[in-house]
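Structure first, commentary second.
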Amino acid sequence: MSSRLHIAAADPIPAQAGIGLRAGHYADFGLAPQRVAWIEVHPENYMCAGGPQHRVLGAARACCPVSFHGVGLSLGGAARPDKAHLARLAELIRRYEPSLFSEHLAWSIEDGRFLNDLLPLPYTKEALERLVSHVDEIQDYLGRHMLIENPSLYLSFEGNETDEPALLTELVRRTGCGLLLDVNNVFVSATNCGFDPRGYLARYPLAAIEEIHLAGYRAEIDADGVEVLIDTHNDLISDPVWALYRHVINQTGPRPTLIEWDQDLPAWDVLLGEAARADDIMRTEVLHAAE
Amino acid sequence: MLLSRQQAAFADAIWHGDAAPAIGMRPARRLAIYRNNVFASLAGVLAARFPVIRRLVGDVCFQGCCLRFVAEHPPLSPVLAEYGAGFAAFLTALPELADLRYLADVARLEWACHEVLHSADAPVLRPEMLAGIAAERVPDLVFHVHPGTRLLSADYPIHTIWRTNMFDAETGPVSADMAGEAVLISRRDEQVSVLPLPPAAFVFVQALLSGSSLGDAAMAGEAADESFALAPSLAALLQAEAFTDYNFKLQRTVAVPCS
């Protein structure tokens, strides 16, 4: 068993669709883990001493590559990354040997209090310097490279000095980090903040993409009577997001692509269906590119 | 505006409900979406952790309690498994719920169940591992408590209230005037087990968990109720997977007569 774990640890995440594994699907996943190419989890959900989560993640790790998608480091927050949190993260990384580790272009801790959401940053020189310093510190501490994900935005800052693709380009150049492109977030932010998603992608450093996220959103009407898309991760991936994904894959070729679904969990087969659709797009776009 | 000042104002608006702070955002009123995400997600964490409290006070009241708890006691860590430890004490202090005196003790029981589920893994002491012990050494047995074992006693019938609200098939009338109850909470086959303990059994278990030998704990149980039966109580504890190991008390304590 241990030698298999060791071999599996060297496996990179394949350029195929994977699924975000949540506790509500542990049993379904366990029945036929071979149906999923790879899984992703939030390491914060495994920062407990013991219990069923660790057994499930250990068993999953023996079957397929695992990716860690952190939600607790508050990269854009004023405080330096919390040492206790980094230590717990490092311990989980030693234990489960995830092939990828990602975090967000956002902040969630202020004055020691954790706001359980990914809050928006102004895109300024000051924010960039803070992000560079925090990403450097985390990568040095963990001794590994991390990926940064673009957030879903519901508003933008009047003081922006640059845009998100330019800021991410600079972050990659200065820290050597990679990128996790959340295609749904691009579409949600573009709708909410009024920019063209394809124009965004034309400026985005596609070569740095090591992982892609896909998810569903919910449309609401805001206090001003304007439609706003909420990044709820509780529905099927929308058609415009699939179209945007196809547009990305056409340029990048296949990339590890995660199906994220966090609320109102559907039947496991629904997630497998979304993963199959992403795999299908990766196959057909490669054929088109070869023609 | 300095980024840190801007974030402090943003966070303050989320925790305290300022609709649209003037910190250079547009549309500023959409801060409400972030506020809703923060409060709804944390209330959801509490709802999953305290289902019996939610049922006892009703959805609307529970939601109100959660929103107040979140605003007054925001999480201090991104590890949300740790969130809600103070919920029982918070409920005790709510004047609106002062009539529901049993509520905080039921919340303690639910929190203990949550802690036990995520507690450290450890080997389990199985009944057959005690099989070869010579009869004269049995009273000297001292058990090592599993990290996922908790003992709770209350002035209210917490076990009856908890069961009748957790399992619809076992719903029955409960009165807060019924006698207080004690429970042993442990993890068994990855499931949380809640074992009701009659008063003498509670005394016995409390002694064992605090390091008394089996013989001393049994005497404490018998002192509480002369009909206390050691064998079924010990069997229930072993079945609940409450221990990891055992050793023998080094020296029998000798009763010294008062001079």
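The values are calculated or read from the model by the stated rules, or taken from the named source; none is laboratory data. Here the structure is a predicted model, which means the values were calculated and not measured. No Cβ is skipped: glycine too gets one built from the backbone with ideal geometry, and neighbour counts run over all protein chains shown.
Here are the numbers for the structure shown:
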read-out: Strands (runs of 3 or more DSSP E) completely within segment A:131-225 that count 2 or more residues being farther than 20 Å from A:LEU121 by Cβ; value: A:209-214, A:218-221
read-out: Unmet requirement for A:PRO12, which otherwise passes all of (1) part of a loop (DSSP other than H, G, I, E, B); (2) modelled with pLDDT of 95 or more; value: (2)
read-out: When residues of segment B:113-124 are limited to those that are crowded, with 19+ Cβ neighbours inside 10 Å and small (Gly, Ala, Ser), the one farthest from the other protein chains (Cβ to nearest Cβ); value: B:ALA122
read-out: Residue satisfying condition, being within 14 Å of chain A (Cβ to nearest Cβ), closer than 23 Å to B:CYS61 by Cβ and touching a His at 6+ places or on another chain (Cβ under 9 Å), within set B:GLY84, B:GLY148; value: B:GLY84
read-out: Residue list for segment A:105-119, restricted to those being more than 8 Å from chain B (Cβ to nearest Cβ) and outside any strand (DSSP E or B); value: A:LEU105, A:ALA106
read-out: Some residue of segment B:64-77 being facing chain A (nearest Cβ under 10 Å), under 21 Å from A:ASP262 (Cβ atoms) and assigned to a helix (DSSP H, G or I); value: yes
read-out: Residue match in segment A:120-141 (condition: surrounded by fewer than 22 Cβ atoms within 10 Å (Cβ to Cβ), within 27 Å of A:VAL36 (Cβ to Cβ) and without any contact (Cβ under 8 Å) to a residue 60 or more places away in the chain); value: no
read-out: Criterion violated by A:ALA290 - all others in (1) buried (at least 16 other Cβ atoms within 10 Å of the Cβ); (2) modelled with pLDDT under 95; (3) not hydroxyl-bearing (Ser, Thr, Tyr) satisfied; value: (1)
read-out: Spans of strands (runs of 3 or more DSSP E) in segment B:84-197 with at least 1 residues in contact (Cβ under 8 Å) with a residue 24 or more places away in the chain and more than 30 Å from B:PHE248 (Cβ to Cβ); value: B:191-197
read-out: Among (1) touching a residue at least 12 places away in the same chain (Cβ under 8 Å); (2) surrounded by 14 or more Cβ atoms within 10 Å (Cβ to Cβ); (3) closer than 24 Å to B:ARG30 by Cβ; (4) not aromatic (Phe, Trp, Tyr) - the single one A:ALA190 does not satisfy; value: (1)
read-out: Options B:LEU46, B:LEU42; residue that is modelled with pLDDT of 95 or more, in the same structural domain as B:GLU82 (by TED's automatic domain parsing) and either touching a Cys at 6+ places or on another chain (Cβ under 6 Å) or in a loop (DSSP other than H, G, I, E, B) (or both); value: B:LEU46
read-out: Matching entry among B:ARG49, B:ARG101, B:ARG29 (being over 30 Å from A:GLN53 (Cα atoms), within 14 Å of chain A (Cβ to nearest Cβ) and among the basic types (Lys, Arg)); value: B:ARG29
read-out: Subset of segment A:226-249 (residues that are of a type in the set (Asp, Glu), in a helix (DSSP H, G or I) and surrounded by 14 or more Cβ atoms within 10 Å (Cβ to Cβ)); value: none
read-out: Segment B:216-238, subset more than 23 Å from B:SER186 (Cα to Cα) and among the small types (Gly, Ala, Ser), residue nearest to the chain's Cα centre (by Cα); value: B:ALA224
